[in-house]
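For reference, the structure discussed in these notes is given below.
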Amino acid sequence: MQISAPIYRLKRQAKEDARRRDVPLHEALDTAAQAEGYQSWGHLSASASARPADRIFPKLSEGDLILIGARPGHGKTLLGLELAVAASRHGWRALFFTLDYTEADVAARLKDLGVDPRATDLIVDTSDNICADHIAARIQVEGARVFAVIDYLQLLDQRRTTPPLDAQLHTLRRCANEGAVVAAISQIDRSFDLGAGDMPTLADVRLPNAADLSLFTKTCFLHNGAVRFSD
């Protein structure tokens with residue numbers, strides 16, 4: 001059974017509902033679960049315990065450049081973090097580059113995933129200088145088996161001093177070819193919401209400047225709780 005929103009968001013909504021109605025959290029959680037067609041929150045949690053990252057991570061290998069795309073609020077950043085945490089647990093050097101979040105924001109999202117930020121080896125980089133060259137240099141310093149997540153693609157060329165997005169994609173492609181896995185979180189154009197598609201595609205990726213999206217070896221799109229992964 002497909003739930004209407006990621007489980008972390010349902011839990012957050014239940015907490016807000018508990019405060020609003022002044023009821024115990026477990027009661028609000030059960031109410032939220034029943035609205036999704038489950039008997040209780042425990043039933044929903046058990047059914048949704050297999051995270052998308054658990055299915056996707058084993059399908060990735062050195063040399064992959066993967067695009068993770070979704071409209072706002074559909075879980076693309078959370079999936080990127082999940083993949084980075086999974087990589088760290090499997091012995092990779094996991095890096096999370098973000099031009100959008102602060103370190104406190106990332107810590108909060110990790111807690112949404114049930115991950116203690118202090119207990120993970122995930123390296124979070126929030127430098128204002130993040131671009132493909134900056135990412136490539138960090139990957140080179142870390143050495144072999146690096147899993148890098150970029151949050152997010154459209155912000156890489158927001159400064160005039162950085163190369164065009166297409167040139168940066170070619171740099172990231174070379175990083176992957178040298179033995180890393182690079183995952184770029186991407187915005188989806190708002191026109192997708194007006195169309196009839198049930199899932200975004202590469203054609204829906206928002207591109208402020210032209211870029212060769214065929215450089216990506218794999219894609220993962222999210223929408224309304226569903227996840228579509230493809231080579």
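With 0.36 nm allotted per residue and the present C-alpha distance subtracted, the Asp116-Gln158 stretch has 11.9 nm of extension available. Residue pairs exceeding 26 angstrom between C-alpha atoms, taken from Lys76/Lys218; Lys111/Lys218; Lys15/Lys59: Lys111/Lys218; Lys15/Lys59.
If the segment from Asp133 to Asn209 were pulled out straight at 0.36 nm per residue, it would be longer than the present Cα-Cα gap by 25.6 nm. Relative contact order, percent, of the range 117-231 when contacts are C-alpha pairs under 8 Å separated by at least 6 residues? In percent, rounded to a whole number, it is 24. Just checking the listed ones, Pro24, Pro117, Pro163: in the Gaussian network model of the chain with Cα springs under 10 Å, the one fluctuating most is Pro24. Spatially, the range 19-88 and the range 171-231 are offset by 20 Å when compared through their Cα centroids.
Could you sort 145-152, 5-12, 126-133 so that the peptide with the highest average Cβ count within 10 Å comes first and the rest follow in order?
145-152, 5-12, 126-133
Length gained on full extension, Ser4 to Lys59, computed as 0.36 nm times the residue gap minus the Cα-Cα distance: 17.2 nm.
Under Stokes-Einstein, with the Kirkwood radius over Cα pairs standing in for Rh, what whole-number D in µm²/s applies to the range 1-110 at 20 °C and 1.002 mPa s?
Working: Rh = 15.9 Å.
In µm²/s, the coefficient is 135.
Comparing Ile135, Ile185, Ile56 in a Gaussian network model of the chain where C-alpha atoms under 10 Å apart are linked, the largest mean-square fluctuation is found at Ile56. The relative contact order of the chain comes to 26 percent, based on Cα pairs under 8 Å that sit 6 or more residues apart. Annotation: per residue accessible area for the chain equals 49 Å², rounded to a whole number [probe 1.4 Å, protein chains only]. Comparing Arg93, Arg20, Arg206 in a Gaussian network model of the chain where C-alpha atoms under 10 Å apart are linked, the largest mean-square fluctuation is found at Arg20.
How big is the dipole moment of the chain about its Cα centre under a simple scheme where the beta carbon of each Lys and Arg is +1, that of each Asp and Glu is -1, and everything else is neutral? Debye, nearest 20, please.
Numbers: 27 positive and 30 negative charges, 43 e Å.
I would put it at about 200 debye.
Taking a Cβ cut-off of under 15 Å around Ala210, the surrounding Lys, Arg, Asp and Glu residues balance to a net charge of -3, with basic ones at +1 and acidic ones at -1.
Within the range 29-88, what whole-number % of the accessible surface is contributed by carbon and sulfur, with the 1.4 Å probe and all protein chains included in the calculation?
Numbers: 1120 of 2290 Å².
Answer for the range 29-88 is 49 percent, counting heavy atoms of protein chains only.
Roughly speaking, to the nearest percent, how much of the range 96-178's 1.4 Å accessible area is carbon and sulfur? Each step should come with its number before you reach the end.
Details: 1890 of 4130 Å².
Whole-percent figure for carbon plus sulfur exposure: 46.
The values are calculated or read from the model by the stated rules, or taken from the named source; none is laboratory data. Because the structure is predicted, anything quoted here is derived from the model rather than measured. Here the Cβ is made from the backbone with ideal geometry for all residues, glycine too, and neighbour counts use every protein chain on show. Note: accessible area is taken over every heavy atom of the protein model, side chains too, but ligands, DNA and RNA are not part of it. Shrake-Rupley method; radii C 1.70, N 1.55, O 1.52, S 1.80 Å.
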